[in-house]
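Below is one structure; the comments refer to it alone.
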Amino acid sequence: MDEFMQCYEKVYPQLYRTALYYMRNRQEAEDAVQDAVLAAYEKFYQLREKEKFSSWIMQILVNRCRRRMREWFRKDDDIEELPISQEPDFATSSAVKQVFWELKEEERLIVGLSVFCGYTSEEIAAILNKNHSTVRSRYRRALQKMRKKLEV
């Protein structure tokens, strides 16, 4: 329990930030983090290399967020009724956020993990089970897309 808590306390801010950018809602982000932490706690004994805790729990979180998003879209509710936070923002950050959300899901995830959480391409590759060169090229392309849309 103590070992899990020490590992968890180090990565909580990154977990919450990733979930918040993924889910776009504070309550949903908190719920996703809570689900991921519970699942990780239950399976912590299976983790052989404790130094990989951060990428391991991040992968669990991403899977939980994806599951929650799928559940939203399975409902018969209108997409406009999805819980999205409406925080006041400056024009520039609003434009960046808009362009960020126009990216494909995987691109958003790669950019978010890199920019907001500070993960390297190798760590992101481990989280997404992809080749690190693939992650780097998708990251560059996503940033280029964002630049182009912001320049217009």
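Pairing each residue of segment 1-23 that is free of Cβ contacts under 8 Å to residues at least 12 places away in the same chain with any residue that is open to solvent by less than 40 Å² (accessible area, probe 1.4 Å), provided the two are 6+ apart or on different chains, yields C-beta distances under 8 Å for L20/A29. Check whether at least one residue in segment 52-74 is of a type outside the set (A, V, I, L, M, F, W, C), farther than 21 Å from I110 by Cα, modelled with pLDDT under 85 and open to solvent by 40 Å² or more (accessible area, probe 1.4 Å), and report yes or no. Yes: segment 52-74 contains one or more residues that are of a type outside the set (A, V, I, L, M, F, W, C), farther than 21 Å from I110 by Cα, modelled with pLDDT under 85 and open to solvent by 40 Å² or more (accessible area, probe 1.4 Å). Among the residues of segment 114-152, those that are more than 16 Å from T18 (Cβ to Cβ), modelled with pLDDT under 85 and either in a helix (DSSP H, G or I) or open to solvent by less than 60 Å² (accessible area, probe 1.4 Å) (or both) comprise L150, E151.
The values are calculated or read from the model by the stated rules, or taken from the named source; none is laboratory data. Keep in mind that this is a model prediction, so the values were computed, not measured. Using ideal geometry, Cβ is built from the backbone for each residue, glycine included, and neighbour counts are taken over all protein chains shown. Each accessible area value is taken on the protein alone, full model and side chains, heavy atoms only, with ligands, DNA and RNA left out. Shrake-Rupley method; radii C 1.70, N 1.55, O 1.52, S 1.80 Å.
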